[in-house]
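The values are calculated or read from the model by the stated rules, or taken from the named source; none is laboratory data. No experiment lies behind these values; they were computed from the predicted model shown. All Cβ positions, even for glycine, are placed from backbone atoms using ideal geometry, and neighbour counts span all protein chains on display.
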Amino acid sequence: MSYEVPHMEGDDKIQFGSHREGGWPRWEAFVRQRGGLAHIHSESVHAPDAETALLNARDAYLRRVEGVSLWVAPADQVTRWESDAPEAASKDIAPRPSALWEVFVRHRRGLAHAHAGSMAATGPYDAIEKARRVYVTHEEGVGVWVVSAATVVAADPEEAEALFEPFADKDYRYPTYYEIPDEVGHM
């Protein structure tokens, strides 16, 4: 038995998929948790603009953690290096003035990229080379992402209460909220 999805008039004008196919662009989301020191990559969201990307990231990733800061950056502006990829030659051709770049490092496989710091560089590949020298050791460091600080959009600190507090009072998200019956024993 097969089921055919019913179509409505005008459905053929709706396009789904990647940005090139007419969908919304992808934004990488980074959350700094309460008590955390660095912004940690949470995954990505799709949104038409930075403001909507912040709201989508908040709704998707702050239900599970208590966040105090949120950054988003267009995914197509993030330059990536992975240790298992072939060495990339510098693709920065013309010298440019230095700009500020945010650096995110993944120290081991299975971990998320964490904000390591900011650095001045003439381009994304120069920033990756500098970040590899500064933040990646032989024992630690399997991935580096750099993104121009000018393209990172941060949640407004003055609106932090409205942005983050709706999730703070949801105690039922934590296992300590629930009482375990004595018959269950250890869980």
*Near pairs, Cβ below 7 angstrom, 6+ apart or cross-chain, from the range 144-160 (under 23 Å from P48 (Cβ atoms)) to any residue that is in a helix (DSSP H, G or I) and at pLDDT below 95*: V147/Q77; S148/Q77; T151/Q77; V153/A50; V153/L54; A155/L54; A155/L163
*Taking P157, is it at pLDDT 70 or above and of a type outside the set (K, R)?*
yes
*How many residues, within the range 143-152, are surrounded by fewer than 17 Cβ atoms within 10 Å (Cβ to Cβ) and not small (G, A, S)?*
1
*Scan the range 134-159 residue by residue and report those that are β-branched (V, I, T) and in a helix (DSSP H, G or I).*
V134, T151
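With respect to D182, determine if the residue is loosely packed, with under 10 Cβ neighbours inside 10 Å, acidic (D, E) and at pLDDT below 70. Reasoning before the result, please.
Details: loosely packed, with under 10 Cβ neighbours inside 10 Å: yes; acidic (D, E): yes; at pLDDT below 70: no.
Criteria not met by D182.
Within the range 23-66, take every residue that is acidic (D, E) and on the phi < 0 side of the Ramachandran plot and give me the one that is modelled with the lowest pLDDT.
E66
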*Specify the residue that is nearest to H39 (Cα to Cα); the eligible residues are those in the range 109-133 that are touching a residue at least 24 places away in the same chain (Cβ under 8 Å) and assigned to a helix (DSSP H, G or I).*
A131
